[in-house]
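First up is the structure itself, then whatever we jot down about it.
Since every read-out is calculated from the coordinates, none of them should be taken as a lab result. Keep in mind it's a predicted model, so treat the numbers as computed, not measured. Cβ sites come from the backbone with ideal geometry, for glycine too, and all protein chains shown count toward neighbours.
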Amino acid sequence: MKRLELAMQLTQSDTFYLHRSTLGCILKCWGNIMKLEADTSLLEGEILVPPLKWAGGKRWFVENHRKLLPEKYERYIEPFVGSGALFFSLKPNQAILSDTNKELICFYEQLRASPIELFNKLKAHHRKHSKEYYYKIRSSKPTSALGQAARFIYLNRTCWNGLYRVNLKGEFNVPIGTKTSAILDTDNFTLASELLKRAKLYTSDFEAIIDKARKNDFIFVDPPYTVKHNKNGFIKYNQHLFSWDDQIRLSKSLIRAAERGAKVLLLNANHTSVRNLYSSYGRRVTLERSSVLAANSQRRGSTEELAVQIW
Ligand SMILES: C[S@@+](CC[C@H](N)C(=O)[O-])C[C@H]1O[C@@H](n2cnc3c(N)ncnc32)[C@H](O)[C@@H]1O
């Protein structure tokens, strides 16, 4: 408020002369500062749980490995956003979020634009939830973007393990799961919407997004895990396979961004082929975690992942 009072005193003073366009520009800047301060205080101290569950989601990383993040950065860029576990935890002031999954990005757009309406639609699904209703909604094709977003989060919360998988026609085909509630205690769509107002959203392949990064931006990179000679559990859940050529293309675009001065943190499979891709760049850290995705209990247990820091 003090800044605003000062601005008003200055503009009322008869000894103070400013050209109208300069004054307009100063007031606009002040307006932006005040707006930023207001937004920041709204989200300060709030814990935001990501609204979606996602295969390969990084809640475990957020809880255990904050020390790997850069201390300071300007824009936060996440080219494989999924459930955005790190974005919702860090609550950055400026962000670029992207994914090739257009239903996912449509959901975030609607959450940002109409949080209350979206929540009401989700509650309506929740009230009617049953096996029969799930399959009816799964085969439905809402025409409005809000209807599509509500269907998307309803299916995400009630399908098997929060998976997203589509058939060759692009139709969601995950069976019903064991969760019976589409509403969670942690839901705060209004706050999530406020945070998303700080983000530009894109449905895009990663390369065009990484090419936007400039000096002091932070790029958090969490691609599907593909290794050179091995089909791992993650690729089969993707509509389009993320190939080894994509991993090579990704490494090249990240190295270009790091050379422009962006700070890159990549997570990936801890595999020799991936380590070799980044052998001349940055710092490689092995992360240990317990694995729960595999349906086969013999494949559960502790797995290793790789973090590559380039800055
Ligand atoms: C491992 S998940 C990201 C998880 C995310 N970090 C989280 O916390 O939920 C990988 C994401 O990459 C997306 N994806 C797959 N291929 C892509 C591509 N070529 N460009 C951009 N995104 C892609 C998938 O749709 C998926 O959401």
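If the condition is being surrounded by fewer than 21 Cβ atoms within 10 Å (Cβ to Cβ) and either within 15 Å of the ligand (Cβ to nearest atom) or at positive phi (or both), then region 93-123 contributes THR100, ASN101, LYS102, GLU103, ILE105, CYS106. Put simply, of THR178, THR158 the only residue that is exposed (fewer than 15 other Cβ atoms within 10 Å of the Cβ) and among the β-branched types (Val, Ile, Thr) is THR178.
To keep it simple, each residue is scored yes or no on (1) under 17 Å from PHE87 (Cα atoms); (2) more than 16 Å from the ligand (Cβ to nearest atom); (3) part of a helix (DSSP H, G or I).
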residue: HIS125; (1), (2), (3): no, yes, yes
residue: LYS136; (1), (2), (3): no, yes, yes
residue: LYS141; (1), (2), (3): no, yes, no
residue: VAL174; (1), (2), (3): no, no, no
residue: ALA208; (1), (2), (3): no, no, yes
residue: LYS212; (1), (2), (3): no, no, no
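Residue pairs whose Cβ atoms lie under 7 Å apart, sitting 6 or more positions apart in sequence or on different chains, and linking a residue in region 44-61 that is more than 7 Å from the ligand (Cβ to nearest atom) to a partner that is in a loop (DSSP other than H, G, I, E, B) and β-branched (Val, Ile, Thr), are VAL49/THR186.
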